[in-house]
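Contents: one structure, followed by commentary.
Nothing in this text is a laboratory measurement; each read-out follows from the coordinates by a stated rule. No experiment lies behind these values; they were computed from the predicted model shown. So basically every Cβ, Gly included, is an ideal-geometry build from the backbone, and we count neighbours across all protein chains shown.
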Amino acid sequence: MIVADRKHVPEIRDMIKNHRRVLLVGCGTCVTVCLAGGERETGILGSALRMSLKLIGNRGTTVDECTIERQCEDAFIDALAPRVAEYDAICSLGCGAGVQALAEHFPNTPVYPGLNTQFMGILQSQGVWAEKCAGCGNCRLGEFAGICPITRCAKRQLNGPCGGSRDGRCEVNENMDCAWQLIYDRAKALGILESLESTAAPQDWSTGLDGGPRKVVREDQCIAGLGPKV
Amino acid sequence: MDTEPVILAFCCHYCAYAAADLAGSMRLQYPSNVRVLRLPCTGKIEVNYILTAFEHGIDAVIVAGCLEGGCHFLEGNLRARKRVERAKKLLEEIGLEPERLDMFNLSSADGPRFAEIVTEMSRRIKQLGPSPLRSDHKSVQQGIEKATHQAQKASEGVKNDCCRSQACA
């Protein structure tokens, strides 16, 4: 899932303070699961913003909240249109994709981000989320015993470890596991250590973000009139 | 504007609520500006309950749960403390004194301690002054009503027995 965390209240307040009516829009998908932008968090932020605005003497800005199922799909955003018409600005508690989807959908309404989108990851333990995937567009987990060196090695080394691996920890941060130690340990447990003996080929970064924003197209799903958008 | 401070106390059924009752039975004196709200466990408190109260101009919020290790739901009071700490951080971000919010742990036999807690909070609020978010008496009353409603909702579907014995089951 996409993991995000909330921006500080004063930062959000300063973005919206010059608008008269602001709609906070939460998202019921990834950011609900990572406890950053779901219905509950949207309610908390709404309350916090109203108080913060009042404390700086701004009594002219109204902040209301709502949450939609998914901010990254037009079908869900469409239902929001009548509500948005009543507001001067939107503050989205979706990920960066959600913010931009709202901005595309409502070209005449300013849209501000309420969250800092962090990464694609998993719930490691209650309240802790860890990054696992860099979305490089060319998955090679099969070569590395199911552990991604691109995401989890600070140097993105495909032929590791480097000399900075100490007792299973990374030299960049002693609290960070060395990805190559994890790869080695897992390969050993699986009995596939010999697969690490060959040199891994360089990564083709053209499939990553370096090639500009990407698109995935499924022609069989592109029904006339329903997409894809140009 | 009504400047008498108003304190909301979210009290666990098993300890602080009984302690408040005991304080009354013992004829102990404590400030009358506290509104005691019953929760089935402080683990039912939500950050939003606390923020909504402050938003309406309530001057202080107390969350009072069982002694650590003594929660009837094992760790409700520990979860409540974490939520109170989070709410305190939020208040700091907002620019409202976090001292206006506090969590206390006590047992149902601590009637005098309950009176002490309320007296201490009331003294603290007198020092800090009324909440800068308070606009009028009506808003404060709405805050109390909302908090009461939230506490009632939190109690729905929770059966609070007096103890874990078979007789109460």
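The set of residues in the stretch B:129-152 that are part of a helix (DSSP H, G or I) and within 14 Å of chain A (Cβ to nearest Cβ) comprises B:S139, B:Q142, B:G143, B:K146, B:A147, B:Q150.
When the stretch B:59-102 is filtered for residues that are of a type outside the set (A, V, I, L, M), more than 13 Å from chain A (Cβ to nearest Cβ), over 27 Å from A:K7 (Cα atoms) and surrounded by fewer than 22 Cβ atoms within 10 Å (Cβ to Cβ), the ones remaining, listed by number, are B:E68, B:G69, B:G70, B:H72, B:F73, B:G76. Return yes or no: is A:R140 within 30 Å of A:V33 (Cα to Cα), more than 26 Å from the chain's Cα centre (by Cα) and among the basic types (K, R)? So A:R140 fails the test.
If you go through the stretch A:36-67 one residue at a time, how many are in contact (Cβ under 8 Å) with a residue 12 or more places away in the chain and not in a helix (DSSP H, G or I)?
Matching residues across the stretch A:36-67 total 13.
For B:N48, the criteria (1) within 14 Å of chain A (Cβ to nearest Cβ); (2) in a loop (DSSP other than H, G, I, E, B); (3) of a type outside the set (K, R); (4) surrounded by fewer than 24 Cβ atoms within 10 Å (Cβ to Cβ) hold in every case but one, which is (2). The residues of the stretch A:131-153 that are hydrophobic (A, V, I, L, M, F, W, C) and touching a residue at least 24 places away in the same chain (Cβ under 8 Å), listed by number, are A:A134, A:C136, A:F144, A:A145, A:I147, A:C148, A:I150, A:C153.
Yes/no per residue for (1) surrounded by fewer than 15 Cβ atoms within 10 Å (Cβ to Cβ); (2) assigned to a loop (DSSP other than H, G, I, E, B):
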| position | (1), (2) |
| --- | --- |
| A:S92 | no, no |
| A:A103 | no, no |
| A:Q118 | no, no |
| A:E131 | no, no |
| A:I150 | no, no |
| A:E174 | yes, yes |
| A:I183 | no, no |
| A:K188 | yes, no |
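Number of residues in the stretch A:17-35 that are touching a residue at least 40 places away in the same chain (Cβ under 8 Å), in contact with an Asp or Glu (Cβ under 9 Å, 6 or more places away or on another chain) and in a helix (DSSP H, G or I): the value is 1.
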